[in-house]
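**Q** Dropping a structure here in structure tokens format, bear with me for questions.
The values are calculated or read from the model by the stated rules, or taken from the named source; none is laboratory data. Remember, it's a predicted structure, so these values are computed and weren't measured experimentally. All Cβ positions, even for glycine, are placed from backbone atoms using ideal geometry, and neighbour counts span all protein chains on display. Keep in mind that these areas ignore ligands, DNA and RNA; they rest on the heavy atoms of the full protein, side chains included. Shrake-Rupley method; radii C 1.70, N 1.55, O 1.52, S 1.80 Å.
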Amino acid sequence: MTDIHPAPTNPPRNRLTPPLPFETEKAWSNWGGNQSATPAYTVRPRTDDEALAAVRFAIKEGLSVRAVGAGHSFTPLVQTGGMLMDLSGLSGVTGTDTARRRARAKGGTVISDFGDTLWDQGLGLANQGDIDKQSISGALSTATHGSGIELGCFSSALRWVRLINGHGEIVEYGEDQLRELRAAQVALGTLGIFLDVELQVVDRYYLQERVTYPTWEETRATWDEDIAGNRHYSFLWCPGEESAGLYELPTPAGEPMTNRSYTKRYNAVDMDDAGIDPTEGARRDRSYRIYPGGFMIPFHEMEYYVPAERGMEAVAAVQELIRTAHPDQKYPMEVRWVQRDDAYLSPFHQRDTTVISVSGAPGTNYWPYLRDVDAELERFDARAHWGKIHFMTRSRLEALYPELDAFLSVRRELDPRGIFLNDHTRALLG
Ligand SMILES: Cc1cc2nc3c(=O)[nH]c(=O)nc-3n(C[C@H](O)[C@H](O)[C@H](O)COP(=O)(O)OP(=O)(O)OC[C@H]3O[C@@H](n4cnc5c(N)ncnc54)[C@H](O)[C@@H]3O)c2cc1C
């Protein structure tokens, strides 16, 4: 399959004036500092009409457009020499339906902004990841997830979307347009600009956190019961004594951490706000206050997904690789679980999944390590996080994603000229 649509030219020689406030040649870089770009135009629409006018301007002038949320992706998703559209001005939860457990929000809403607003309506997000700084559209676009074998990623909760497509039109897709909805659930920004989204949410709930520090042998011994017996189960395996400190993980005083795990279990608990016990290691609180776990020291992360039934084998293979070939790599390996879903480009498409994340230190040559992890996990038919470092190619996607063609046909209908592609996404999804 090749791209039949010529790429738009970027940027124009004669400076043109977009129909909304804009900046030119403004340097952009991501949270991790490993991606940067200097778009010809950076715009931050304050209304849907401004966003629409900006896309129409770009179409007319042959500029590519890439959306940016919170810039927390490690991959070259956002880069463009054309127009960078910052969606942070289109933000806020706009409505809830408590009977149907639904919430609507503007596309640039930051995940943390759902917490109090949904809680006040008796609702909550079913699950969250390690941080809550991402925009909801960024999280949806890359299938961002938390942990829990019975809990899907954010994208699996998308029930309706209103977006600006590559024809310069505002269109919406809901559950009566499953083909388009399954494409939109995970789209890497290639279908257009998400203005509004509707998510399936749940009744609000409290969580109790339990942290333990088992050895690797103990972690293995309770593998199945931990996965099945906890709402959220995840662990960070430490290859060395300095590992926990690299992610600022608390550790038990005087205990060696090499070949030990920092495990987290979150389970729903009946309580009220008055009963909150913030003691470290036994936190009980509203769900959205328990999930965000820190991870503020910069790191560069790669994350791969293997079938859950082969999770333990795959984790052991990466541990062996670190011990034998990369003993200098000390970041903990994070291991999580995600329930299968139906989105065409979801890494969890029809596959209950074990998530394996490894990181390199910014400023070091971690590439040989990450390439070796990639090669090791390819044996397990691993898919990759779209927003974290990966080595996927178009031919690998063709083998790994049975609905890739369905996604591509929707993408070409919504954006036949490839306005919303950049080099990275064109190579994968053009
Ligand atoms: C410290 C840290 C912790 C993390 N923790 C987790 C975790 O626990 N679980 C996990 O799965 N991932 C995690 N991630 C990865 C992160 O969730 C994803 O990279 C996510 O996409 C980032 O959201 P963002 O708002 O920053 O999006 P960006 O990185 O800004 O953009 C991501 C994609 O979304 C598109 N996009 C953004 N807004 C729109 C819009 N309005 N319309 C259309 N497309 C849009 C962009 O074009 C781009 O393709 C983490 C990343 C970091 C840096």
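**Q** If a residue has to be open to solvent by 30 Å² or more (accessible area, probe 1.4 Å), under 20 Å from the mean Cα position of the chain (by Cα) and closer than 19 Å to PHE194 by Cβ to count, how many in region 34-72 make the cut?
**A** Looking only at that region, the number is 4.
**Q** While we're on this one: What's the number of the condition ARG220 fails, among (1) outside the structural domain of GLY129 (by TED's automatic domain parsing); (2) surrounded by 15 or more Cβ atoms within 10 Å (Cβ to Cβ); (3) away from the ligand (no atom under 16 Å from the Cβ)?
**A** Only one criterion is unmet by ARG220, namely (2).
**Q** Across region 186-217, which residue is nearest to the ligand (Cβ to nearest atom) among those that are more than 20 Å from ARG231 (Cα to Cα) and hydroxyl-bearing (Ser, Thr, Tyr)?
**A** Only one residue fits best here, namely THR190.
**Q** Write out, first by first residue and then by second, each pair whose Cβ atoms fall under 9 Å of each other, whose residues are 6+ apart or on separate chains, and whose first residue, in region 32-44, is within 18 Å of ILE131 (Cβ to Cβ) while the second is open to solvent by 20 Å² or more (accessible area, probe 1.4 Å) and assigned to a strand (DSSP E or B).
**A** These pairs meet every condition: GLN35/TRP28; GLN35/SER29.
**Q** If only one of ALA183, ALA143 is in contact with a Cys (Cβ under 8 Å, 6 or more places away or on another chain), open to solvent by less than 10 Å² (accessible area, probe 1.4 Å) and either basic (Lys, Arg) or at pLDDT 95 or above (or both), which one is it?
**A** ALA143
**Q** Under 7 Å by Cβ, and 6 or more places apart or on different chains, what pairs join a residue from region 244-268 that is not assigned by TED's automatic domain parsing to the domain that holds GLY148 and open to solvent by less than 20 Å² (accessible area, probe 1.4 Å) with one that is part of a loop (DSSP other than H, G, I, E, B) and of a type in the set (Lys, Arg)?
**A** TYR266/ARG231
**Q** Another one. Taking TYR331 and the conditions (1) in a helix (DSSP H, G or I); (2) crowded, with 20+ Cβ neighbours inside 10 Å; (3) in contact (Cβ under 8 Å) with a residue 60 or more places away in the chain, which numbered condition does it fall short on, given that it satisfies the others?
**A** With respect to (1) in a helix (DSSP H, G or I); (2) crowded, with 20+ Cβ neighbours inside 10 Å; (3) in contact (Cβ under 8 Å) with a residue 60 or more places away in the chain, TYR331 is out only on (1).
**Q** Would you confirm whether any residue within region 96-103 is away from the ligand (no atom under 15 Å from the Cβ) and crowded, with 24+ Cβ neighbours inside 10 Å?
**A** Yes - at least one qualifying residue is present in region 96-103.
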